[in-house]
Amino acid sequence: MSIVISKHSNETRISLLGEKFLPRDVECWQTAMGNISVEPVSVSIYDARVLPAVIMADLLRITNKRNHFQVKVKVVHRILSGYLARIGIPHSLIEVKNVKISKSLNCKAICLGGSAGSLDSIVAIIEQLPQTTVPVFVVQHIPEDTPNYLPSILRSKTSLTVKDAEDEEKVVDSTVYIAPPAKQMRVVKGKIVLTDEPPAYFARPSIDILFESLGVEYKSGLIAVLLSGYNNDGTHCLKLLQQLKSKMIIQDPIECLEKDLLVNAINTGNYNYIFPLPEVVSYVARHAALQNKLFTEKQMVTFLGEINDKYGYDFREYSYESLSRLINKEMADKRLSNFADLRQMVLEDYNHFESLFLEFSVNVTSFFRNPEVYKVVRKNIVSYLASYPHIKIWCAGCSTGEEPYSLAILLKEEGLLEKSQIYATDINPFVVEQARNGYFSQTSLDKAEENYKNAGGKLSFGHFSTTFDGAVQIDPDLAKHILFFQHSLLSQGVLNQFNLIFCRNVLIYFQKSLQDKVFDLFSNSLIRNGFLVLGEAETIGNHHAFSVYDKQLKIYRHNA
């Protein structure tokens, strides 16, 4: 992970780039935290979908109102946003606020304009474009007597057609047009017009001239992006673009060495967004990918049926509106503009199905959920567990970790935790990381306390947790006996031989054929007379390896 610290006016800006927080990043993060004083602070998190405990602890501290810091936290990924919201860390979701697809925006063309220092930004944007259904125009200030290598550079970065614009050429979709040197370029009535007229604002090609013609041509369907450079070419047309309701994006000058052009553009006040480059890339890629009606409801129903037939997950009763939104997001993330491509990828490659499943997955759990189950475990099963020198328990589908922590508390009270090992697994790698951190919302504390008491708790839930800075942290000593890791019941096999398996409210999403395979996995994973606990809406059916121990609470015993 790269941690960038910068100053802008009286604000400290901390940007986290990259998905994984490595040990070497600790010192850099601590330096960033050391820079925080009473002045405003902005923390922007671009790539990470989950954060380690060390960052979570500091975010809780600096966003707590009692500490008087003026802190704004911004994140890109909704997975991380959901986590922070659950813990109670105030933040804004960049993706929702600024990058979501607006019904009023029907993108018809994209134009990137820049001068000195803009090459890397242009390459980054084009490289991340999907197989877009719109034309893309690029205008960059280059000396007229210098060869233009931009087309060849971009061809190596994208599968889109990239070409030097030609006079009287008809504009077609899925093509990147490069404004040639020593020419002024316009688009008029669907055709490119190149002229030898003199420089405008000391530039030929001029950003202003191309932006203005595209605004007139595409009006509200134009996304214009102004990148780094000097002088002010590209700023004079901005008022007209705003009147035509084109979307004007300005790269944040704080990250650019050549920033005069951007500052001059911002000073006009005629723009929609000021984005750092990662947000520019995300915004342009999303709007470029989602212009056509990608699939009909009938196609989606067919697709969901195919997923059910192949993988045993039945989403056909889910809200089509919600699933359409999630499928659109998955296509944008994979830079796909063709629904058929996504369908083929998902049905032919389990990894792509799993990626889509993570979008569909819902993680709902709580501490000591269904406390009657824990009461029976405490009363009737603990004595069985105590008879073994080493106790092994598997929480399959552990979600955000409340269940394995609840079991650890129960074992602690019964004097069995020191000789116990709890395996906590989930198909969703992000909730596994959240669970490992051990942070939960303070609002869940009252319900946790109530469930704990109803489960036969001997002390109080607060005895096993610490409340601070608006959140609850589970005692780290409990976590020492829990192994959190990703595991799929669909594709991965036996982990160990267990005395007790909890798998609650997971199998309800499986077809019977797949349920039977999972029961076979559990049968091979349980020692003889070991216990299996299912969710309240689940049943073992007629599987020969198990007998009913408590029919009402869905507790079964392995007899194979």
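Of all alpha-carbon pairs in the range 2-97, indicate the percentage at a distance above 24 angstrom.
13 percent
With a Förster radius of 51 Å, plug the Cβ-Cβ distance of Asp475 and Asp164 into 1/(1 + (r/R0)^6) and report the FRET value to the nearest 0.05.
With R0 = 51 Å, the Cβ-Cβ based efficiency is 0.20.
Please identify which residues in the range 498-531 have an amide N closer than 20 Å to a label point set 7 Å out from the Cα of Asp309, following the Cα→Cβ vector.
510-515
Can you work out ³J(HN,Hα) from phi for every residue in the range 444-459, in order, using Karplus 6.51 cos²θ - 1.76 cosθ + 1.60 and θ = phi - 60°, giving whole Hz and x for Gly and Pro?
7, 5, 4, 5, 4, 5, 5, 4, 4, 5, 5, 8, x, x, 9, 10
Taking θ as phi - 60°, what are the ³J(HN,Hα) couplings along the range 18-31 by the Karplus curve (6.51, -1.76, 1.60), each to the nearest whole Hz, with x for Gly and Pro?
Karplus-based 3J(HN,Hα) across the range 18-31 equals x, 8, 10, 8, 9, x, 5, 7, 4, 4, 5, 5, 4, 5 Hz.
Evaluate the chain: find the radius of gyration of its Cα atoms, find its Kirkwood radius, and give the ratio Rg to Rh.
Dividing the radius of gyration by the Kirkwood radius yields 1.06.
If R₀ is 45 angstrom, what is the calculated FRET efficiency for the pair Leu483 and Asp173, using the beta carbon separation as r and rounding to 0.05?
0.30
Can you give the extra length, in nm with one decimal, that the chain gains between Lys219 and Gln552 once fully stretched, where that is 0.36 nm per residue apart less the Cα-Cα distance? List each step's numbers first, then the result.
Details: separation 333, 0.36 × 333 = 119.88 nm, distance 6.39 nm.
In short, 113.5 nm is gained.
Apply 1/(1 + (r/R0)^6) to the Cβ-Cβ distance of Ser324 and Ile527, taking R0 = 35 Å, and write down the FRET efficiency to the nearest 0.05.
0.15
Strictly greater than 24 Å: what percent of every Cα pair in the range 335-460 meets that?
The answer is 41 percent, as a whole percent.
If a/c stays under 1.5 just call it rounded; otherwise compare a/b with b/c (prolate if a/b is bigger, oblate if not). Do that for the range 109-289, with a ≥ b ≥ c from the square roots of the Cα gyration tensor eigenvalues.
Taking the square roots of the gyration eigenvalues as a ≥ b ≥ c, the range 109-289 is rounded.
What does the C-alpha gyration tensor say about the overall shape of the range 383-448? Classify as rounded when a/c is under 1.5, otherwise prolate if a/b is larger than b/c, or oblate.
In terms of gyration-tensor shape, oblate.
Relative to the first principal axis of the alpha-carbon coordinates of the chain, what is the inclination of helix 402-413, with its axis defined by its Cα atoms, in degrees from 0 to 90 and to the nearest 10?
Between helix and principal axis, roughly 30 degrees.
Excluding same-chain residues fewer than 8 positions from Lys551, which aspartates and glutamates have a Cα within less than 14 Å of its Cα?
Cα-Cα hits under 14 Å: Glu372, Glu536, Glu538.
For Asp446 and Lys419, calculate 0.36 nm times their separation in residues minus their Cα-Cα distance, and state this gained length in nm to one decimal.
Gain on stretching Asp446 to Lys419: 6.7 nm.
Please state the relative contact order of the chain as a whole percent: Cα pairs under 8 Å, 6+ residues apart?
On the way: 1059 pairs, mean separation 55.7, N = 560.
For the chain, the relative contact order is 10 percent.
Would you compute the Debye intensity of the range 371-558 from its alpha-carbon atoms alone, equal scatterers and no solvent, and pass along log10 I(q)/I(0) at q = 0.10, 0.18 Å⁻¹ to two decimals?
-0.38, -1.28
Using alpha carbons only, how many degrees (0 to 90, rounded to 10) separate the axis of helix 512-525 from the longest principal axis of the chain?
60 degrees
Non-local amide H neighbours of Trp394 (under 5 Å, H modeled in plane, Pro and chain starts lacking H): which ones?
Sorted by chain and number, the residues that satisfy this are Tyr423, Leu500, Ile501, Phe502.
Apply the Kirkwood formula to the range 191-250: the hydrodynamic radius equals the inverse of the mean of 1/r over all pairs of different alpha-carbon atoms; give it in Å with one decimal.
11.9 Å
Throughout, read-outs are computed from the coordinates displayed, never taken from laboratory work. All values derive from a computational prediction rather than experimental measurement. A quick note on method: Cβ atoms are made from the backbone with ideal geometry, for glycine too, and the neighbour counts reach across all protein chains shown.
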